[in-house]
Every structure is written in C-alpha cells, then in structure tokens.
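Asks: Below you will find the structure I want to go over with you.
The values are calculated or read from the model by the stated rules, or taken from the named source; none is laboratory data. From a predicted model like this one, the values you see are computed outputs, not experimental measurements. Cβ sites come from the backbone with ideal geometry, for glycine too, and all protein chains shown count toward neighbours. Please note that ligands, DNA and RNA were not included when accessible areas were found on the heavy atoms of the full protein model with its side chains. Shrake-Rupley method; radii C 1.70, N 1.55, O 1.52, S 1.80 Å.
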2 protein chains.
Amino acid sequence: MIGGMGPAATADFMARLVRGVAAGHDHDHPRILVDSNPHVPDRNAALAGTGPSPGPALAAMARGLAAQGAALLAMPCNAAHGWADDVRAATDLPFIDMIDASVARLAGARTVGLIAVAATLDARLYHRPLEAAGIGVIEPDRAEVAALVARVKAGDVGPAAQAAATVLAAGLVATGADMLLAACTEIPLVLGQPQCRVPLVETTQVLADAVLEAAAA
Amino acid sequence: MIGGMGPAATADFMARLVRGVAAGHDHDHPRILVDSNPHVPDRNAALAGTGPSPGPALAAMARGLAAQGAALLAMPCNAAHGWADDVRAATDLPFIDMIDASVARLAGARTVGLIAVAATLDARLYHRPLEAAGIGVIEPDRAEVAALVARVKAGDVGPAAQAAATVLAAGLVATGADMLLAACTEIPLVLGQPQCRVPLVETTQVLADAVLEAAAA
C-alpha cells in the first residue's frame with residue numbers, strides 16, 4: 001500500500017480493510033505492507049507546474065514494497081493516480097487502480113458531482129472515463145474543496161468541517177448531480193451518506209473492497 | 001512498525017499516530033512503514049507450549065522493515081513483547097519497548113489492574129517491572145479477557161462488548177486496583193477512560209506517544 005497522502009486517509013483506509021473482513025480470527029485478514037509516506041511531493045503543485053513530480057517517489061515506494069514481498073499494489077490517493085503509470089512501470093506487480101474501480105461503481109448515474117482536488121480535476125482522471133461512458137460531470141468550487149481538504153489534513157474532522165462538507169455536497173446536488181463521488185481520500189473523513197441527498201460513492205471504500213477481493217482471490 | 005496483532009489494533013495505533021501530530025500539513029507527519037501481519041504464530045499458544053514461537057516471524061518482519069529503510073522499530077502488541085529479544089537481535093535499529101514505556105506511566109500507583117491476555121500474564125511482562133517498583137498487580141479473570149479480546153478480533157466493538165469491558169474494569173477496581181492498564185492493544189477499542197472509575201493507562205497510546213517523540217528527536 002502506497003500511502004501517507006495524507007496520513008489520516010491512510011489510517012482510514014487501513015480501518016476499512018479491517019472492517020471489510022468478516023473475520024473470526026487475526027489470520028482471516030490479509031497481510032498488509034504499508035509505506036505511509038507524507039513526504040511525497042505535493043500532487044497539486046506538481047500538476048500546476050509549481051513543484052516536482054511525485055512520480056519518482058511513488059515508484060521508489062512501489063519497489064520497496066515489492067522487495068518486502070508485496071503481491072499487489074494499491075494507492076489510496078486519487079490525485080496520485082495521475083502518476084499511476086510511474087507506479088505500474090516500477091514493478092511487475094498488479095496495481096489495483098482506484099479510478100477504474102470507482103468509475104465501475106458509477107454505472108447508472110446521469111451526472112456525477114465530482115468532489116476532488118485540483119490535481120485530480122486538471123489531470124481529468126475521472127472526467128475522461130466518465131465522459132467516455134456518457135456520464136456528465138459537475139465540478140465543485142475548487143477553493144472550497146481545497147480549504148476542506150486542508151482542514152482534514154490539519155486534523156480537523158469536527159462538526160464545522162462536516163457542515164462545510166454537507167454544504168459542498170448539497171451545492172453539487174442543487175446544480176444537477178444525481179450521484180456524488182468522494183474522489184479525494186480525505187473527504188470521507190468528514191462526509192458520509194447520511195449527509196447527502198443522493199447516493200455517495202466513496203473511492204476509499206471502493207479501493208478497500210477491491211483490495212480485499214483481490215487478496216482473497 | 002511490526003503490526004497485525006491484531007489488524008484492528010494496528011489500524012487504531014496508526015490513527016493515534018496521526019492524531020498525535022499537531023500537523024498543518026502532510027509533511028509534518030513522520031513516514032511510517034508498517035508490516036501488518038496477522039499470520040504471526042499465536043502468542044498465547046506459543047507461551048502455553050501448544051504452538052510455534054512467533055519469534056522467527058517477528059525477527060523476519062524487523063529485518064524486512066530495516067531493509068526498507070526504517071530508522072526505529074515498534075510493535076503495538078503487548079504479548080509479542082515476550083519475544084522482544086528476537087526483534088532486538090534481528091537488526092541494529094533502536095526498538096521502542098511498549099512495556100518499558102507503559103511501566104514508566106504507572107509511577108504513583110499502589111496496585112495496578114492488569115488487563116492482559118494469558119501470554120502477557122504468564123510471561124510476567126508487566127509483573128516483573130511493576131513488582132520491582134513496589135507496585136502491586138491484580139490480574140483479571142483470564143477467560144473474561146480472552147472472550148473480550150476474541151470478540152474485538154472478530155470485529156465486535158459495539159455496546160455489548162463495551163459493557164463487558166466496563167464490568168471487567170469495575171471488577172479490578174472493586175478488588176483494589178487504583179490504576180488500570182490496558183495491556184492488550186485490543187482493549188482500548190472497547191474500553192476508554194469514561195468507563196473507568198480510576199485512571200486508565202492505554203499501552204497503545206503510550207507507544208504512539210513514544211514513537212512520535214522518538215521520530216521528532
């Protein structure tokens with residue numbers, strides 16, 4: 001698991017992997033090797049051309065996990081999937097793509113409210129596959145998402161942050177979204193289905209499900 | 001981090017490491033390499049002589065983490081500390097001992113209610129240092145602790161499991177404990193300070209604090 005982007009999202013992903021196993025005993029769970037590296041270059045700065053690429057760091061993490069014995073790779077950070085090809089090229093291991101797995105869960109949507117940071121939006125990581133599937137995309141206010149994600153990364157997941165997330169989600173529904181995608185792994189820490197008036201797909205949960213399915217295969 | 005004993009305790013430990021950093025940004029957090037391995041031989045069976053030693057598996061995990069670049073080692077499982085010497089011997093890295101760190105937090109206690117599984121009790125991991133410090137130890141009913149830990153490992157951390165933990169803690173206080181030690185990393189998932197009438201020291205939190213302190217040094 002190529003993690004640490006951010007650390008709280010990685011801890012949340014770990015907890016979902018645990019909860020996703022109907023385990024009577026420790027040994028019913030898969031072994032998970034995690035590199036939680038919060039020092040990977042910033043994805044938004046890289047895509048904006050104002051910072052170095054995270055590609056080499058992500059590739060190095062992939063190689064380290066492979067050397068430690070990993071059988072498959074996953075990366076619980078949507079924006080980092082802009083550099084998924086660097087991860088794929090770094091080892092021979094299968095890579096479970098969070099974007100592909102999440103798009104598969106959006107079948108039937110007319111218009112998706114895409115809650116994501118600038119790097120994910122600008123790299124069109126979800127726009128391309130959704131538009132190819134004939135599904136419309138509504139973007140949120142970027143400053144609003146950036147402020148919310150910064151808040152979560154700073155450790156604030158309290159009622160005020162949750163209220164801001166609720167307002168953001170409601171805005172997307174008001175402008176036509178009939179499904180919401182939490183396409184940033186910080187978002188589910190402050191936004192859950194009860195706060196949304198349309199179905200919410202959490203990319204973190206989609207990836208956890210896909211990892212457990214692959215580990216059980 | 002030598003983890004996975006059990007997986008939920010490891011996820012809880014990761015979350016505590018995240019919460020313990022007053023971080024404005026991802027890069028304020030330390031990098032954490034985790035081997036969450038739920039296939040380590042059972043500690044209770046090993047100490048009872050009915051199963052293989054977990055020592056070789058723990059040593060192999062330590063070597064793998066060292067090879068990946070770890071600068072220090074920690075192991076959020078109390079019972080596994082019965083094989084801490086195997087971990088220490090496996091690499092040249094500093095090992096943050098959860099037992100030592102926790103005992104240091106019990107200064108001032110007269111009698112500690114030691115909430116731990118059989119392997120931890122039988123190896124006298126806490127008895128020895130506490131008795132050396134002139135602190136008394138009260139043991140819980142082993143079957144009660146085993147049932148509670150099995151419940152948590154099976155994913156049950158709901159109100160009934162919490163009530164069982166409350167009753168267990170109250171029993172130790174009734175028989176004379178003036179401080180409680182959650183000396184099994186599954187316990188804090190169902191027992192918190194509000195459920196206890198005397199101070200509760202959580203070994204998981206003690207280790208998280210010690211790791212963050214060492215990482216910041």
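Asks: Taking the 0 to 90 degree range and rounding to the nearest ten, how far is the long axis of helix A:7-19 tilted relative to the main principal axis of chain A, both from C-alpha atoms?
Replies: The answer is roughly 80 degrees.
Asks: Taking amide H positions as placed 1.01 Å from N in the peptide plane, with prolines and chain starts having none, which residues 5 or more places from A:Gly113, or on another chain, fall under 5 Å of its amide H?
Replies: A:Ile138, A:Asp178, A:Met179, A:Leu180, A:Leu181
Asks: In the range B:1-87, what is the volume of the convex hull around the alpha carbon atoms, normalised per residue and reported in Å³?
Replies: Spelled out: Cα convex hull of the range B:1-87, divided by residues, is 89 Å³.
Asks: Let me ask you something else. For a quick check, take a GNM of chain B with Cα springs below 10 Å and name the residue from B:Ala174, B:Ala62, B:Ala90 with the largest mean-square fluctuation.
Replies: B:Ala174
Asks: A further question on this structure: Defining the label point at 7 Å along Cα→Cβ, can you sort the distances from B:Arg124 to the same site in each other copy, shortest first, in nm?
Replies: Result, one decimal in nm: 7.1.
Asks: Here's a follow-up. Any chance you could check the range A:10-33 for residues losing 20 Å² or more of accessible area when the partner protein chains are in, compared with the chain on its own (1.4 Å probe)?
Replies: Buried by 20 Å² or more upon assembly, which counts only protein chains, are A:Ala11, A:Met14, A:Val18, A:Ala23, A:Gly24, A:Asp26, A:His27, A:His29, A:Arg31, A:Ile32.
Asks: Follow-up. How large are Rg and Dmax for the range A:81-134 when calculated on the C-alpha trace, in angstrom?
Replies: Cα-based Rg and Dmax for the range A:81-134 come out at 12.4, 37 Å.
Asks: Also, quick follow-up: Return the chain A residue and its Cβ-to-axis distance, rounded to the nearest Å, for the rotation relating A to B.
Replies: A:Val34, 2
Asks: Here is a further query. What span do the alpha-carbon atoms of chain B cover on each of the three principal axes, reported in whole Å from largest to smallest?
Replies: That works out to 48, 46, 36 Å along the principal axes.
Asks: So if each residue of separation counts as 0.36 nm, and I subtract the Cα-Cα distance between B:Ala146 and B:Asp28, what length gain in nm does that give?
Replies: 38.6 nm
Asks: In the protein assembly as shown, if the dipole is taken from +1 on Lys/Arg beta carbons and -1 on Asp/Glu beta carbons about the Cα centre, which of B:Pro54, B:Val112, B:Val173 is farthest to the positive end?
Replies: Result: B:Val173, furthest along the dipole toward the positive end.
Asks: With all protein chains present and a 1.4 Å probe, how do A:Phe95, B:Phe13 order by accessible area, largest first?
Replies: Of A:Phe95, B:Phe13, the descending order of accessible area is A:Phe95, B:Phe13.
Asks: Take every Cα-Cα distance within the range B:99-204, group them into 10 Å bins from 0 onward, and report for each bin the whole-number percent of pairs it holds.
Replies: Calculated P(r), rounded to whole percents: 16, 54, 27, 3.
Asks: Testing the spin-label approximation: label points 7 Å from Cα along Cα→Cβ at B:Ala107 and A:Thr50. State their distance in nm.
Replies: 4.8
Asks: Something else now. For the protein assembly as shown, what does the convex hull of the Cα positions come to per residue, in cubic angstrom?
Replies: Considering the Cα atoms of the protein assembly as shown, their hull volume per residue is 144 Å³.
Asks: Helix A:203-216 against the longest principal axis of chain A: what's the angle in degrees, Cα atoms only, rounded to the nearest 10?
Replies: Helix A:203-216 sits roughly 30 degrees off the main axis of chain A.
Asks: Another question about this same structure. Can you tell me the 0 to 90 degree angle between the C-alpha axis of helix A:159-174 and the longest principal axis of chain A, rounded to 10?
Replies: 70
Asks: Only Cα pairs under 8 Å and at least 6 apart count here; give the relative contact order of chain A as a rounded whole percent.
Replies: 23
Asks: Moving on to the next point. With runs of 4+ DSSP H residues as the only contributors, calculate the mean residue ellipticity of chain A at 222 nm using -39,500 (n - 2.57) per run, divided by the residue total and rounded to the nearest 500.
Replies: -13000 deg cm²/dmol
Asks: Can you give the relative contact order of the range A:99-203 as a percent, counting alpha carbon pairs under 8 Å and 6+ residues apart?
Replies: Relative contact order here is 34 percent.
Asks: Separation between the A:Arg128 and A:Arg88 pseudo-spin-labels, each 7 Å from Cα along Cα→Cβ, expressed in nm?
Replies: Taking the simple label geometry, A:Arg128 and A:Arg88 are separated by 0.9 nm.
Asks: Can you give the mean number of other chain Cβ atoms that lie within 10 Å of the Cβ atoms in peptide B:145-157?
Replies: That average works out to 2.
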